[in-house]
Number of protein chains: 2
Amino acid sequence: MWTKKRVKAAVLFHALSDETRLDLLDRLKRGEQCVCELTEALQTGQSRLSFHLRVLKDAGLIHDRPEGRWMYYSLNREGLENLEDFIDELKRAIGCSGPSKQCE
Amino acid sequence: MWTKKRVKAAVLFHALSDETRLDLLDRLKRGEQCVCELTEALQTGQSRLSFHLRVLKDAGLIHDRPEGRWMYYSLNREGLENLEDFIDELKRAIGCSGPSKQCE
DNA sequence: ATGATACATCAATAATTATTGATCAATCAA
DNA sequence: TTGATTGATCAATAATTATTGATGTATCAT
């Protein structure tokens, strides 16, 4: 894994490294929702959620769609697929890296 | 995803959210290595790596095996499998959460 | 025993992230 | 137009993480 890919992976994982953000993703599994719905659901401040939604968006994990005065957020297929790639790479290494095992 | 699971996921993802730690995991894909080898490879301070190795270990992503005055680190199958579970759960949600789609 | 090596841990500091309470722009309803 | 609502963003602060250098504990070679 070269540097550039690693930077991207770190950003992705960082976005996933927070309980509030995992909670948000969980909610979005049910389909897109606006900030006000999420704020109501998580019972927390709006600016706090905006902050976390931005982190998720910057990482490519969610997508936003403005409509009127609402902003609807939803899971972003691409971001999640990216994530999957990173995991697969690690997974592939599991089989050959236990104690005293060598690969290639 | 309930709270307890989410906490664990956050810890796992946090461990993966740092370039140095991703670099370490990358090295360990080739098989177990001692701290001195990793320090030489990454060209950085020993206490710095000990810190990051501890984060990875606490997250269950790597395993350590003392031998003489060396400490050998290697990937931990379990931790990686845990990780996979979390990803799968997210992945499963991809198909039904795009804009204006609803699940269940 | 002495000295060197491998590594963990600690304390101090630096850097990064998160939270909170404004404020602002845009949209909409009356 | 006025006033209310949605949500982004900003500044200040708090909290968490990372880095560095120092110290301490084993282990090993001599």
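The values are calculated or read from the model by the stated rules, or taken from the named source; none is laboratory data. None of the values given here were measured: they were computed from a predicted structure. A quick note on method: Cβ atoms are made from the backbone with ideal geometry, for glycine too, and the neighbour counts reach across all protein chains shown.
Can you name every residue in segment A:52-93 that is within 11 Å of DNA strand C (Cβ to nearest atom), loosely packed, with under 15 Cβ neighbours inside 10 Å and part of a helix (DSSP H, G or I)?
Those that are within 11 Å of DNA strand C (Cβ to nearest atom), loosely packed, with under 15 Cβ neighbours inside 10 Å and part of a helix (DSSP H, G or I): A:Arg54, A:Asp58.
If I filter segment B:64-71 for residues that are facing another protein chain (nearest Cβ under 7 Å) and either modelled with pLDDT of 95 or more or within 24 Å of A:Ser17 (Cα to Cα) (or both), do I get at least one hit?
In the first step, residues of segment B:64-71 are kept if they are facing another protein chain (nearest Cβ under 7 Å); the result is B:65.
Now restrict to residues that are either modelled with pLDDT of 95 or more or within 24 Å of A:Ser17 (Cα to Cα) (or both): B:65.
Within segment B:64-71, one or more residues are facing another protein chain (nearest Cβ under 7 Å) and either modelled with pLDDT of 95 or more or within 24 Å of A:Ser17 (Cα to Cα) (or both).
Just to check your reading of the model, which residue among B:Leu28, B:Leu38, B:Leu49 is more than 10 Å from DNA strand C (Cβ to nearest atom) and either modelled with pLDDT of 95 or more or facing chain A (nearest Cβ under 7 Å) (or both)? Write out each step before concluding.
Working: B:Leu38 fails: more than 10 Å from DNA strand C (Cβ to nearest atom); B:Leu49 fails: more than 10 Å from DNA strand C (Cβ to nearest atom).
When all the criteria are applied, what remains is B:Leu28.
In segment B:16-25, how many residues are within 14 Å of DNA strand C (Cβ to nearest atom), surrounded by 16 or more Cβ atoms within 10 Å (Cβ to Cβ) and at the interface with chain A (Cβ under 8 Å from one of its Cβ atoms)?
The total comes to 4.
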